[in-house]
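Shown next, in structure tokens, is the structure this report addresses.
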């Protein structure tokens, strides 16, 4: 299955591509809004500052293509900063796509960034089925605070942090499935299955 | 609770992994990506590649190695050595590195850390600090910089570093334990995660580093010699009550 990664300029897309390949998909990296609009599954991934990432998406017309997808019920997965971009205003700077209600706020903890492997507390959804208690890799200083009931997993770092969200054909994971060993591979396999039925 | 990390460090010179004692007498220990894959399979939580000759020879970072590692590794990896400006970091991150470690260039121009954090997020920016007797050294431990490691760590974090990779030149490669005074002082002074580095010999040393406040521990000599020590170290640390990824 073709998986299209929206290239906004700063993302670490090679790792995500390699991980989707291992999961049996055919990843394509593009800056072309039309390709992003029509893909069976689109992904916004990678490292990056939300402000520069949001700007990169808007400037390339990718933001509009992603909004069109979601309006049409076509599956979209946001990874790490890509998940934060599904939400509204970010304390890091910049404005997300506003596809999910809620801000992105700086993490309040003794150690920030929240860096390393941490255990998922899974409460629902399809992407993280069978992964309650599994360790996955996080690297972020900001986190989404949903104002609608979309949270399907949290993680504890001096308090709960939203680790994954799902609403219909729209999903986001704050951790890095492409760097989360076997648990991460399972997330991507489930994502492919989910996107086919979404 | 976030797990304590064990991070094998691969010092790379001329495309090969090397290891010295107190930054000297480098010897060949293998192919970087092959070793990294092996460590990953044995439970390494992250991998660090440091191009130890890059700054000295004024060469730029090893992109081919990074591309190869990015395609095959299923755990995160950091690349350091010879990063002088924003575009060096961009090339490495686009090639697939999860984080970049900056050392001398950040010391000479702390604003570089801010530029990197603004572009890629602080979580992708590691400030590597090499210290001897509490003082910062650069150029493979050859040049003293007249700055306290603790003070520089605080400043680096304030400028945008999202993690401190703290290597004690005094204990590097000795297997006699980490520099706990230095590790503790830096871990207490900053709020970003701190990776203790230099001197790991056994599980007790790693446990001591975690007790001192380190969030992660770098290992090199002991696992290069016996990679199967990696899972044994993790089990031993788990038995001591540390949160460790299985």
Are there helices (runs of 4 or more DSSP H) fully within the stretch A:1-112 with at least 3 residues that are in contact (Cβ under 8 Å) with a residue 60 or more places away in the chain, at the interface with another protein chain (Cβ under 10 Å from one of its Cβ atoms) and more than 20 Å from residue A:150 (Cβ to Cβ)? List them. A:13-22
Here the residues within the stretch B:119-138 that are closer than 14 Å to residue B:80 by Cα and either touching a helix residue (DSSP H, G or I) at 6+ places or on another chain (Cβ under 6 Å) or within 14 Å of another protein chain (Cβ to nearest Cβ) (or both) are B:124, B:125, B:126, B:127, B:129, B:138
In the stretch B:67-103, what residues are assigned to a loop (DSSP other than H, G, I, E, B) and within 13 Å of chain A (Cβ to nearest Cβ)? B:73, B:74, B:75, B:76, B:96, B:97, B:98
Would you please name the residue that is surrounded by the fewest Cβ atoms within 10 Å (Cβ to Cβ), looking only at residues in the stretch B:177-192 that are assigned to a loop (DSSP other than H, G, I, E, B) and more than 14 Å from chain A (Cβ to nearest Cβ)? B:177
How many residues are within 14 Å of chain B (Cβ to nearest Cβ), within 15 Å of residue A:45 (Cβ to Cβ) and assigned to a strand (DSSP E or B) when one looks only at the stretch A:130-174? 5
Among the residues of the stretch B:199-221, which ones are farther than 21 Å from residue A:115 by Cα and at pLDDT 95 or above? B:199, B:200, B:201, B:202, B:203, B:204, B:205
Out of everything in the stretch B:193-221 that is buried (at least 24 other Cβ atoms within 10 Å of the Cβ) and in a loop (DSSP other than H, G, I, E, B), what residue ends up being nearest to the other protein chains (Cβ to nearest Cβ)? B:193
Do you know which of the residues in the stretch A:103-117 that are surrounded by fewer than 23 Cβ atoms within 10 Å (Cβ to Cβ) and touching a strand residue (DSSP E or B) at 6+ places or on another chain (Cβ under 6 Å) is nearest to residue A:44 (Cα to Cα)? A:103
Looking only at the stretch B:111-118, decide whether some residue is away from every other protein chain (no Cβ under 14 Å), part of a helix (DSSP H, G or I), surrounded by fewer than 21 Cβ atoms within 10 Å (Cβ to Cβ) and on the phi < 0 side of the Ramachandran plot. yes
Kindly indicate whether residue B:146 is at pLDDT below 90 and not in a helix (DSSP H, G or I). no
Exactly one condition in (1) within 22 Å of residue A:167 (Cα to Cα); (2) surrounded by 24 or more Cβ atoms within 10 Å (Cβ to Cβ) is false for residue A:70; which is it? (2)
Test residue B:174 against the criterion of being over 15 Å from the mean Cα position of the chain (by Cα), touching a residue at least 40 places away in the same chain (Cβ under 8 Å) and part of a loop (DSSP other than H, G, I, E, B), and give yes or no. yes
If you take the residues in the stretch B:222-246 that are surrounded by 19 or more Cβ atoms within 10 Å (Cβ to Cβ) and at pLDDT 95 or above, which one is nearest to the chain's Cα centre (by Cα)? B:230
Identify, by number, the condition in (1) more than 14 Å from chain A (Cβ to nearest Cβ); (2) buried (at least 21 other Cβ atoms within 10 Å of the Cβ); (3) closer than 23 Å to residue A:53 by Cα that residue B:62 doesn't meet. (3)
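The values are calculated or read from the model by the stated rules, or taken from the named source; none is laboratory data. Given the structure is predicted, the values throughout are model-derived calculations rather than measurements. Please note: Cβ atoms are built from the backbone with ideal geometry, for glycine as well, and neighbour counts cover all protein chains shown.
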